[in-house]
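Novice: Take a look at the following structure, please.
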Amino acid sequence: MTGLGLSAAAGLNAYIPLLVVGVLDRLTDTVTLPAEFGWLTNGWVLTLLAVLLAAEVVLDKIPAVDSVNDMVQTLVRPASGGAVFAATDAAGRLESSSFFQQHAWVGWVAGVVVALLVHLGKASVRPAVNAGTLGTGAPVVSTVEDSVSLGMSVLAILAPVVALIALLMFAYVALRLVRYAHRRRRRRRRNAVA
């Protein structure tokens, strides 16, 4: 559940869950990363992630730029989701089973798929929000997405069951928003033809 919550958070913002996991491992005993992910606690890596996060936060608030950023992030967010899923303490415990020792790639794939699905939902809703609000909604929606990513990251580590419930609620809301956007486009097409 921890890996799923962190992967979903990575689908909204690639850098927040990586930073949360890296900082918590470095400064607390709350997270214990497997040895192969020790690089996430390196000061230089954390600084780079913080710089990338700052750039992401700014770029995602600009209406025209956010769509370009989402295209670039189509590769970054799923990769981050795979890494953060595999790096979590929960994934480390799963790897001690014989199945996960022989199939370590399963955690990566699960994280990539979850992050990609969340990212695609986010990226498909964003143009409708920008068009419907003439761009004024971009900073608001982006701030909400970043807040949800941070909240989901912390919940996934401290209260994984709550994170799973939040993830299911998020999926429901995202599905409703995607359906709304599709209905709105169909209405526009019909009105343009008529």
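Novice: So, T74, is that one modelled with pLDDT of 90 or more and either touching a strand residue (DSSP E or B) at 6+ places or on another chain (Cβ under 6 Å) or farther than 23 Å from P160 by Cβ (or both) or not? Steps first, answer last, please.
Specialist: Working: modelled with pLDDT of 90 or more: no; either touching a strand residue (DSSP E or B) at 6+ places or on another chain (Cβ under 6 Å) or farther than 23 Å from P160 by Cβ (or both): yes.
No; evaluated as a whole, the condition is false for this residue.
Novice: Of all residues in the range 28-56, which are aliphatic (A, V, I, L, M), at pLDDT below 90 and open to solvent by 30 Å² or more (accessible area, probe 1.4 Å)?
Specialist: Hit for the range 28-56 is A35, nothing else.
Novice: So which residues in the range 57-92 are open to solvent by 20 Å² or more (accessible area, probe 1.4 Å) and of a type in the set (V, I, T)?
Specialist: V57, V58, I62, V65, V68, V72, T74, V76
Novice: β-branched (V, I, T), open to solvent by 30 Å² or more (accessible area, probe 1.4 Å) and at negative phi: which single residue out of V125, V178 fits that description? Show your work before the answer.
Specialist: Numbers: V125 fails: open to solvent by 30 Å² or more (accessible area, probe 1.4 Å).
Exactly one of V125, V178 is β-branched (V, I, T), open to solvent by 30 Å² or more (accessible area, probe 1.4 Å) and at negative phi, namely V178.
Novice: Working only within the range 105-157, note down all residues that are among the hydroxyl-bearing types (S, T, Y) and closer than 26 Å to T2 by Cβ.
Specialist: Of the residues in the range 105-157, the ones among the hydroxyl-bearing types (S, T, Y) are 124, 133, 136, 142-143, 147, 149, 153.
Scanning the range 105-157 gives S142, T143, S147, S149, S153.
Novice: Has the range 132-140 got at least one residue that is open to solvent by 40 Å² or more (accessible area, probe 1.4 Å), of a type in the set (A, V, I, L, M), at pLDDT 85 or above and under 11 Å from L12 (Cβ atoms)? Spell out the reasoning first.
Specialist: The initial filter retains those residues of the range 132-140 that are open to solvent by 40 Å² or more (accessible area, probe 1.4 Å), namely 132-134, 136, 139-140.
Retained after the next criterion (residues that are of a type in the set (A, V, I, L, M)): 134, 140.
Narrowing further to those that are at pLDDT 85 or above: 140.
Subsequent filtering for residues that are under 11 Å from L12 (Cβ atoms) retains none.
Within the range 132-140, none of the residues are open to solvent by 40 Å² or more (accessible area, probe 1.4 Å), of a type in the set (A, V, I, L, M), at pLDDT 85 or above and under 11 Å from L12 (Cβ atoms).
Novice: Restricting the search to the range 116-173, which residues are among the polar types (S, T, N, Q), assigned to a helix (DSSP H, G or I) and either more than 28 Å from T30 (Cα to Cα) or in contact with a Cys (Cβ under 8 Å, 6 or more places away or on another chain) (or both)? Working first, answer last.
Specialist: Residues of the range 116-173 that are among the polar types (S, T, N, Q), as a first pass: 124, 130, 133, 136, 142-143, 147, 149, 153.
Okay, now just the ones that are also assigned to a helix (DSSP H, G or I), so 124, 130, 142-143, 147, 149, 153.
Across the range 116-173, the qualifying residues are S124, N130, S142.
The values are calculated or read from the model by the stated rules, or taken from the named source; none is laboratory data. What you see is a predicted model, and the numbers here were worked out from it, not measured in a lab. As a convention, Cβ positions derive from the backbone with ideal geometry for all residues, glycine included, and neighbour counts pool all protein chains shown. Only protein heavy atoms, including side chains, enter the accessible area calculation; ligands, DNA and RNA are left aside. Shrake-Rupley method; radii C 1.70, N 1.55, O 1.52, S 1.80 Å.
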